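Undergrad: Sharing a structure, written as structure tokens. Questions coming.
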């Protein structure tokens, strides 16, 4: 890539600081905005500050940061606020360092946080590849390239004064760095206590991207939190939360994707949220402010906002209805123009932790001990699940999958050692045949699989073990896998290739009958214990409301 030392952009200028739109020219010199001149012009395109994803786990794109950037800039993204706790759960601090090193080879401005919950709960509940304690978090927060304390997922630990949780919060306060929240369903006094953790009467944990209802978001706003409206591949909360734009100003709202698979990232990123909100009738300047100025100010990002003296981190869009991105610039460097990314791929280093031996069908069998069982009810487009009480299907004294009533066997396999396989049941997927499996199993990234029969379940799981990571599918003799050799959660291949491979395996999964919009993304969250209601870890069935294990049988 080459950087023009001096050039100009002419059009309709969106000024998020002055809160106005005017026609004129932006002059860029050596990567900095040198002048902005207001004058009449016939140019109808708009010049905007670049978009910021206010909360994302880059690992969930299945891409390393350098490849993620190649897709993101095509949608006008110039910066992200990124929590590396996915790779942190696999490789600990070394995983965080891996992300920092890889990201140093891309112009995309990625601000990483210090993961606050590795593991997300505790080793009593699930097996992770590493632990990042308060001492390590303090060391990370001392780095200039770590900008904040990433989402504090252990909300019971906050409310119950867990020593390690509060030590991490105290370290962030000492370092004067923002603290991200994660309290799904938090309301009332509990929400207030969580937000004011360690400092009654003052906002400590200052953001949340986990609101599922408007009422919950308004509750947290009233306590001084900023709300990040999330629209990812699996969790989609924009429809419920968009009325917030009528309840508060853009200085309290940000936009984020949280988790986005490569196929949907190819189609849109924060530009998609901006477009959707404008289509709903909200003022474009207000929406654009929430996607640019608010996260830049909150996280103190080194990102320009289209002001003289700022880094030239800006985009040109066709109009303020379609938000079609024509060009993207970062530090004055053209990184995307009309269909082509200018960022080239770089070699990817492989790191991993995968110590599991293959399993047998015998490992998946469960002796029946009653006729009524608990099942995890999958909700399409949500991370939350429900507990469903259902009559089990029993054959030869064992619990079995029963596709006729949408009751399927779910398994979580510890990837870090040869411990017994954890088995339960799920409804809501509508899978009619075969099995799918993934080594992307939030947050510990053990193998998670669901299937209509034990043979396909075993094959799908073993294919992942053999490749030391991936997304797989088994349907009788038909086997498919998208390999993920980087920590078992990311590919070492170019973004376009990974996106196409994901599209192919996603299509094949849907050909097995599932009606889920993103079956692999939904599957990955069925092991996420910190999101209610019922989940499965490698150690058993877990009730996220009680925050404890429960039995399969009722």
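The values are calculated or read from the model by the stated rules, or taken from the named source; none is laboratory data. Just so you know, these numbers come straight off a predicted model, no measurement behind them. For neighbour counting, all protein chains shown are included, and Cβ atoms are generated from backbone atoms with ideal geometry for every residue, glycine included.
Undergrad: Among 434, 469, 451, which is at positive phi, in contact with a helix residue (DSSP H, G or I) (Cβ under 7 Å, 6 or more places away or on another chain) and either assigned by TED's automatic domain parsing to the domain that holds residue 66 or surrounded by 24 or more Cβ atoms within 10 Å (Cβ to Cβ) (or both)?
TA: Only one candidate passes the filter, namely 434.
Undergrad: Do you know which of the residues in the stretch 483-501 that are touching a strand residue (DSSP E or B) at 6+ places or on another chain (Cβ under 7 Å) and surrounded by fewer than 24 Cβ atoms within 10 Å (Cβ to Cβ) is nearest to residue 348 (Cα to Cα)?
TA: 492
Yes or no, residue by residue, for (1) part of a strand (DSSP E or B); (2) within 29 Å of residue 541 (Cβ to Cβ):
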residue	(1), (2)
481	yes, yes
488	no, yes
492	no, no
501	no, no
509	no, yes
515	no, yes
521	no, yes
524	no, yes
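Undergrad: While we're here: Being at pLDDT 95 or above and surrounded by fewer than 24 Cβ atoms within 10 Å (Cβ to Cβ) is the filter; apply it to the stretch 380-389 and report the residue that is nearest to residue 525 (Cα to Cα).
TA: Keep residues of the stretch 380-389 that are at pLDDT 95 or above, which gives 385-389.
If we keep only those that are surrounded by fewer than 24 Cβ atoms within 10 Å (Cβ to Cβ) as well, we get 386-389.
Working: 386: 13, 387: 15, 388: 17, 389: 20 Å.
Ranking the candidates gives 386 first.
Undergrad: Inspect the stretch 43-58 for any residue being surrounded by fewer than 19 Cβ atoms within 10 Å (Cβ to Cβ) and without any contact (Cβ under 8 Å) to a residue 60 or more places away in the chain and give the result as yes or no.
TA: Yes: the stretch 43-58 contains one or more residues that are surrounded by fewer than 19 Cβ atoms within 10 Å (Cβ to Cβ) and without any contact (Cβ under 8 Å) to a residue 60 or more places away in the chain.
Undergrad: Please determine, by comparing only the residues of the stretch 178-189 that are part of a loop (DSSP other than H, G, I, E, B) and without any contact (Cβ under 8 Å) to a residue 60 or more places away in the chain, which one is farthest from residue 135 (Cα to Cα).
TA: So in the stretch 178-189, the residues part of a loop (DSSP other than H, G, I, E, B) come out as 178, 182-187.
Among the residues that remain, those that are also without any contact (Cβ under 8 Å) to a residue 60 or more places away in the chain are: 183, 186-187.
On the way: 183: 24, 186: 28, 187: 31 Å.
Ranking the qualifying residues of the stretch 178-189, first place goes to 187.
Undergrad: A further question follows. Assess whether residue 139 counts as being under 21 Å from residue 415 (Cα atoms) and either within 20 Å of the chain's Cα centre (by Cα) or not in a loop (DSSP other than H, G, I, E, B) (or both). If you could, list the steps in order and put the result at the bottom.
TA: Numbers: under 21 Å from residue 415 (Cα atoms): no; either within 20 Å of the chain's Cα centre (by Cα) or not in a loop (DSSP other than H, G, I, E, B) (or both): yes.
In short, no.
Undergrad: Given the conditions (1) in a loop (DSSP other than H, G, I, E, B); (2) modelled with pLDDT of 95 or more; (3) touching a helix residue (DSSP H, G or I) at 6+ places or on another chain (Cβ under 7 Å); (4) over 23 Å from residue 528 (Cβ atoms), and given that residue 197 satisfies all but one, which numbered condition is not satisfied?
TA: Here residue 197 clears every test but (4).
Undergrad: Could you please let me know if residue 529 is touching a residue at least 40 places away in the same chain (Cβ under 8 Å), in contact with a strand residue (DSSP E or B) (Cβ under 6 Å, 6 or more places away or on another chain), part of a loop (DSSP other than H, G, I, E, B) and more than 20 Å from residue 463 (Cα to Cα)? So that I can check it myself, show each step before the final result.
TA: Numbers: touching a residue at least 40 places away in the same chain (Cβ under 8 Å): yes; in contact with a strand residue (DSSP E or B) (Cβ under 6 Å, 6 or more places away or on another chain): yes; part of a loop (DSSP other than H, G, I, E, B): yes; more than 20 Å from residue 463 (Cα to Cα): yes.
Spelling it out, residue 529 is indeed touching a residue at least 40 places away in the same chain (Cβ under 8 Å), in contact with a strand residue (DSSP E or B) (Cβ under 6 Å, 6 or more places away or on another chain), part of a loop (DSSP other than H, G, I, E, B) and more than 20 Å from residue 463 (Cα to Cα).
Undergrad: Of the residues in the stretch 144-153, how many are surrounded by fewer than 24 Cβ atoms within 10 Å (Cβ to Cβ), in contact (Cβ under 8 Å) with a residue 24 or more places away in the chain and out of contact with any strand residue (DSSP E or B) (no Cβ under 6 Å at 6 or more places or on another chain)?
TA: Filtering the stretch 144-153 for residues surrounded by fewer than 24 Cβ atoms within 10 Å (Cβ to Cβ) gives 144-147.
From what's left, in contact (Cβ under 8 Å) with a residue 24 or more places away in the chain: 145-147.
This time we only want the ones that are out of contact with any strand residue (DSSP E or B) (no Cβ under 6 Å at 6 or more places or on another chain), so: 145.
Total satisfying the criteria: 1.
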